[in-house]
Each structure stands twice: as structure tokens, then as C-alpha cells.
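Remarks on the structure that follows.
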Amino acid sequence: MTTTNGTSRTNGDVTKTTITAKAQVSLPPKKSYAELNPKSKPTEFFGPIGTTIVTFATPAVAYALFFTCNEVTGCNPSASSLSNLAHTIGNWPSSAGKLWEWKALAVYLAWYAWCIATWVILPTEWIEGLLLRDGTRKKYKMNGLWFLFLTLGVAIGVLARPGGIEHFTWLYDHFVPLLSAALAMATAQAVWVYAYSFFSGELLALGGNSGIFFYDFFLGRPLNPTIPGLPNWDIKTFNEVRPGLSLWFLLNISCACEQYVRLGYVSDSMWLVLAFEGWYTIDCYIAEPSILNQMDITTDGFGFMLAFGDLAWLPFTYGLQARYLTFNPVQLGPVFSAIIVAIEILGLYIFRVANNEKSDFRNGKNPKNLTYMDTARGTKLLTSGWWGRSRHPNYFGDWLMAWAWCLPTGFNTPITYFYVAYFAVLLIHRQRRDDEACRHKYGKDWDRYVEKVPYRIVPYVY
Ligand code: NDP
């Protein structure tokens with residue numbers, strides 16, 4: 001409601017008018033905790049039974065990838081080698097396969113502490129995240145690229161010292177105990193954020209508040225957990241691109257060092273894996289602020305799924321190709337190398353151009369004059385360029401790159417193609433989740449968009 005009143009006074013030939021205005025704005029009533037955090041339906045991942053299975057199965061797969069593909073058992077496990085394996089686990093001939101080592105835990109904790117310390121110390125601007133449903137916005141410190149440069153600088157310093165290359169093989173030599181340390185860290189974090197979310201009064205994820213332990217523990221109950229005393233340290237964004245992503249790069253370098261120590265050179269296949277996966281890591285840091293628009297940050301809670309995925313699954317399963325090449329060096333030769341480089345460049349091109357088209361567009365720019373449609377929600381949707389060819393062209397580019405990362409391992413075993421298969425499942429599942437979320441956000445406008453762009457991921461195919 002707005003009211004105004006005015007008075008006029010004449011003083012000689014000067015007229016002075018005073019207008020006073022009172023404005024009364026009605027703000028929507030502040031929502032209670034229960035209204036902000038409604039109970040969720042446990043429907044994702046086939047419900048509580050599915051999330052329970054995935055909680056136990058994913059660590060088991062991460063270990064299985066080591067124990068079924070290593071230099072002791074080879075990478076084509078037969079029934080007899082698998083039955084021998086049962087006796088060997090827990091008593092592995094080298095420290096690479098020991099299930100637990102306190103020293104590996106200490107190294108892992110030191111690594112995690114380094115990641116936090118550099119996050120605190122390295123200067124950078126703070127970036128605002130999207131508006132949260134309680135009307136607030138969080139600020140995020142994005143200094144990942146500087147962190148990576150500093151970490152790689154230290155790594156190069158170690159490698160350049162006499163005996164440095166041999167020292168760097170320590171990571172390769174402690175693969176499983178390091179995986180166990182990362183799993184312990186992920187589990188501890190998931191338990192902590194789950195328990196603390198009952199006392200903190202923080203905002204919960206809309207999908208992770210069913211009241212069923214294994215469902216909420218896996219999907220993540222709190223949306224943006226922090227720890228008391230460090231309210232600006234957002235555990236979820238930190239884990240997403242810091243300790244796990246860069247550890248993957250370091251593990252790959254360690255594998256290349258081990259190969260060099262054994263052979264006296266680094267094979268062309270290893271160079272390709274190092275370059276492709278290393279560039280992917282650098283690219284993630286260059287585009288670090290874009291994670292603030294991703295489903296993991298905007299929608300998903302932080303629970304075992306993200307904690308384990310970021311800290312353990314990513315570095316220790318995505319690194320399988322480099323680990324395999326260490327004990328099974330493949331010589332590709334120029335022709336096969338060129339074919340793989342071409343696949344990588346094509347995938348990278350589609351991935352980057354598609355992501356740039358959307359990111360420019362969401363930032364109010366449209367340098368290619370792409371067509372778009374208006375929606376009742378207010379945000380527009382691109383209907384030409386890569387986003388007119390499929391509804392997730394960036395996933396297609398990402399998946400092509402996955403092939404380029406696995407092909408250098410040759411064709412002696414299917415196990416080194418695990419990443420291609422797993423990533424296809426992840427992207428198909430993720431595309432369906434995002435489609436569902438967009439249908440919810442855009443309603444009938446999304447159906448119009450789907451009519452215009454019928455393909456989900458692979459243009460004109462799927
Ligand atoms: P995307 O970057 O694919 O973004 C999806 C969002 O984009 C939608 O929710 C919608 O949000 C917006 N959008 C959809 N269609 C259009 C359109 N036509 N025009 C404009 N905006 C549109 O989301 P992800 O977070 O899934 O992926 C980010 C990147 O991370 C991808 O490149 C993916 O490949 C990669 N990734 C890699 C993983 C790995 O392990 N290596 C795992 C997962 C992802 P809105 O309209 O609200 O803006």
C-alpha cells in the first residue's frame with residue numbers, strides 16, 4: 001500500500017512544495033524450517049534398496065578394479081585366478097595392494113590439509129552462487145587454478161631433484177591403501193554431515209530428506225554443509241573439484257614415473273593418457289565457477305554419493321588406464337595415436353563449444369546469434385547450435401573423450417574400458433534426472449523444447 005500527501009506554501013514569488021510518501025511493502029511471511037524442508041519421496045536410484053546396494057557396491061567395484069587388473073593377476077581374470085585372489089587379498093605381495101596402511105592414511109590426511117591450506121591462503125575473488133530457496137546466496141572462493149599450478153609446481157620440483165622420479169612412484173606403490181584412506185575420509189564426512197544436519201537447522205536438499213537412513217545418507221541430507229567455526233568453507237564445492245580431481249592427475253603422473261623407472265622411457269600411450277586426462281583436469285579448474293550452476297551444487301545434497309564419488313571413485317577408478325599402462329606398456333605408433341588424438345579433439349571440441357554456447361547464453365551473450373525460445377519461467381532455451389542438435393550435447397563430447405582415454409590401452413582386456421561403460425550409464429542417468437528437473441522447472445515449455453530437440457544426448461541418434 002502506498003500513501004502520499006503534499007503541502008504548498010507561498011513565500012513571496014517562491015512556491016515550496018513538500019511531498020511525503022509512506023510505502024508499506026508486504027513481504028512474504030518467513031517460511032518455517034518444516035516449510036522450507038519438506039519430506040522427500042525416496043524415488044531416486046530405485047529407492048532405499050537401490051541406494052543401499054550402491055553404497056556398498058561402488059567401493060567394492062573400486063577395489064575390484066585393482067584386484068582384477070594388476071601385474072600379479074593380470075587383467076583377464078579367470079575363475080582360478082579369482083579363487084586365488086581370495087587368499088591374496090589382505091596379504092598382497094606388494095604394498096600397492098595392502099588394504100590398510102596407517103602411513104598411507106597420514107599421507108592422505110596431509111594431502112587433504114594441503115588442499116585446505118591452499119584454499120585458505122591463495123588469494124582470489126569470491127563468487128556468488130545461485131539464489132537459494134531460503135532467499136540467501138552463498139559465496140564461494142574459486143582459486144582452484146592457482147592451487148593446481150602451485151601443486152604441479154611442487155610436483156615438478158620433486159621430480160627435478162635427483163631420485164625425484166623414483167620418489168614420485170610412492171603413490172602408485174600405495175594405490176589400495178590410499179584408496180582405503182580416501183574411502184575412510186568420504187565415509188567420515190558423509191556420517192558427519194548427515195548427523196550434524198539434525199542439529200544445525202541448515203537448509204536440506206529437496207531430494208535427501210525422506211527420513212530413511214540409507215536413502216538420505218547416500219543422496220545427502222544437507223544442501224550446503226559446513227563445519228562449525230568455518231561457515232565459508234563449503235564442503236561440497238571444495239570436494240567437487242579439489243582433493244580428488246587433482247589427486248587423479250598426481251596418480252597418473254606417478255604411474256608415468258613408475259613406467260619410466262621400469263622401461264627408461266614413457267610410452268606414447270601413457271603420454272596420451274597423461275595429456276588428455278591432465279587437460280581435462282586443467283579445463284575443470286579454468287571453468288571452476290561453472291560448477292555453481294551444476295545439479296550437484298544447486299540441487300543434490302552432500303552425502304555418501306558425492307563424498308565417495310569426489311574423493312575416492314574419481315581418482316582411483318578414472319586412473320585405471322594409466323595404472324594398466326604402467327605394467328602393460330602399449331606402443332601405439334603414429335597412425336593409431338593420430339586416430340585417438342582425432343577422437344579426443346572432436347570430443348573436446350563438442351564438449352567445450354557446447355558448454356561455452358550455454359554459458360555465454362546464460363550470461364546474457366549470444367555471439368553466434370543462435371535461435372532460442374522464450375519460456376513462462378523467464379529463462380530462455382537455446383534451440384540452435386549444439387543445443388539444437390541434442391538436449392545434452394556436452395555429454396556426447398564428454399563421452400567421446402572417454403573413448404580417447406581408454407583406447408590407448410589397446411584391446412587385450414575389456415577391463416580398461418570400464419570408464420567408457422560406466423560413464424555411459426552415468427550420463428544416461430544424469431540426462432534423465434536433468435530432463436525431469438527441467439520438466440519441473442519449465443512445465444509445458446519443456447515439452448515444446450523436447451518437440452523441437454528430440455534427441456537426448458547423441459545428435460540424430462539417441
Ligand atoms: P549441464 O551443463 O548439461 O546443464 C544442464 C542445464 O542446462 C539444465 O538444467 C538447464 O538449466 C540448462 N539448459 C538445458 N537445455 C538448455 C538450452 N537448450 N539452452 C540453455 N540452457 C539449457 O549440466 P551438468 O551439471 O549435468 O554438466 C556439466 C558438465 O559436467 C557437462 O559438460 C558434463 O559432461 C560434465 N560432467 C562430467 C562428469 C564426470 O564425471 N566427468 C560427471 C557429470 C558431469 P537452466 O535452464 O536452469 O539454466
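The values are calculated or read from the model by the stated rules, or taken from the named source; none is laboratory data. Since the structure is predicted, the reported quantities are computational estimates derived from the model, not experimental observations. FYI the Cβ positions are ideal-geometry reconstructions off the backbone, even for glycines, and counts take in every protein chain you see. Heads up: the accessible areas ignore ligands, DNA and RNA and are worked out on the full protein's heavy atoms, side chains in. Shrake-Rupley method; radii C 1.70, N 1.55, O 1.52, S 1.80 Å.
What do you get for Rg/Rh over the stretch 119-170 if you use C-alpha atoms and the Kirkwood form of Rh?
For the stretch 119-170, the value is 1.30.
Length gain on complete extension for the stretch residue 346 to residue 295, per 0.36 nm per residue less the alpha carbon to alpha carbon distance?
15.8 nm
Can you tell me the alpha carbon radius of gyration of the stretch 57-110 divided by the globular rule-of-thumb value 2.2 N^0.38 Å?
Its radius of gyration relative to the 2.2 N^0.38 Å reference: 1.23.
For each cysteine in the chain, check whether another cysteine's C-beta sits under 4.7 Å from its C-beta; list those where none does.
Within the chain, the cysteines lacking a partner Cβ under 4.7 Å are 115, 255, 257, 284, 406, 438.
What aspartates and glutamates could a cross-link reach from residue 365, if we take a straight Cα to Cα line under 20 Å and drop same-chain neighbours fewer than 8 places away?
List returned: 128, 288, 357, 374.
Which log10 I(q)/I(0) values, to two decimals, does the stretch 235-291 give at q = 0.20, 0.27 Å⁻¹ under the Debye formula with one point per Cα?
Those come out to -0.73, -1.04, one per q.
With every protein chain left in place, what is the accessible area of residue 389 in Å² (1.4 Å probe, nearest 10)?
So the heavy atoms of residue 389 present about 80 Å² to solvent.
Helix 79-88: angle to the longest alpha-carbon principal axis of the chain, degrees 0 to 90, nearest 10?
Approximately 80 degrees, to the nearest ten.
Would you compute the Debye intensity of the stretch 147-292 from its alpha-carbon atoms alone, equal scatterers and no solvent, and pass along log10 I(q)/I(0) at q = 0.12, 0.21 Å⁻¹ to two decimals?
The calculated log intensity ratios at q = 0.12, 0.21 Å⁻¹ are -0.66, -1.29.
Run through all the Cα pairs of the chain and give the fraction in each 10 Å bin from 0, expressed as whole percent.
Pair shares across the bins are 4, 17, 27, 26, 14, 6, 3, 2, 1, 1, 0, 0.
Relative contact order (percent) for the stretch 74-190, with alpha-carbon contacts under 8 angstrom and 6 or more residues of separation? Spell out each step's value before the answer.
Details: 84 pairs, mean separation 40.0, N = 117.
Reported relative contact order: 34 percent.
Go ahead and estimate [θ] at 222 nm for the chain from helices alone: -39,500 (n - 2.57) per DSSP H run with n ≥ 4, summed, over the residue count, rounded to 500.
When only DSSP H runs of four or more count, the value is -18000 deg cm²/dmol.
Considering only protein heavy atoms and a 1.4 Å probe, what is the carbon-and-sulfur percentage of the accessible area of the stretch 106-172?
Details: 2680 of 3830 Å².
That share works out to 70 percent.
For the chain, what is the accessible area per residue in Å² when the probe is 1.4 Å?
49 Å²
Which value, in nm² and rounded to one decimal, describes the direction-averaged projected area of the C-alpha convex hull of the stretch 306-368?
Its average projected convex-hull area is 7.0 nm².
Mind scanning 138/236; 380/452; 368/452; 380/444; 141/236 and naming the pairs with a C-alpha gap bigger than 22 Å?
none
Measure nothing but the geometry: give the 0 to 90° angle between the long axis through the Cα atoms of 418-442 and the longest principal axis through the Cα atoms of the chain, rounded to 10°.
The angle comes out near 10 degrees.
Explain nothing, just the number: relative contact order of the chain, from Cα pairs under 8 Å at least 6 residues apart, as a whole percent.
Worked out over the chain, it gives 15 percent.
Measuring from the lowest to the highest alpha carbon on each principal axis, how far does the stretch 207-336 reach, largest first, in angstroms?
Reported extents, whole Å, longest axis first: 54, 30, 30.
Please work out whether the stretch 55-168 counts as rounded, prolate or oblate from its C-alpha gyration tensor, where a ≥ b ≥ c are the square roots of the eigenvalues and a/c under 1.5 means rounded, while otherwise a/b larger than b/c means prolate and anything else oblate?
Verdict is oblate for the stretch 55-168.
Could you please state how large a percent of the accessible area of the stretch 227-357 is carbon and sulfur, counting protein chains only and using a 1.4 Å probe?
Heavy-atom surface of the stretch 227-357 belonging to carbon and sulfur, 1.4 Å probe: 70 percent.
Please list 444-457, 251-264 highest first by mean number of surrounding beta-carbon atoms within 10 Å per residue.
Ranking, from highest mean packing down: 251-264, 444-457.
If you take the Cα atoms of the stretch 396-462, find Rg, then find the Kirkwood Rh from the mean of 1/r over all pairs, what is Rg/Rh?
Using only Cα positions, Rg/Rh for the stretch 396-462 is 1.13.
Per residue Cα convex hull volume for the stretch 334-434, in cubic angstrom?
103 Å³
How tilted is helix 333-362 with respect to the longest principal axis of the chain? Cα atoms for both, answer in degrees (0 to 90, nearest 10).
So the inclination is approximately 10 degrees.
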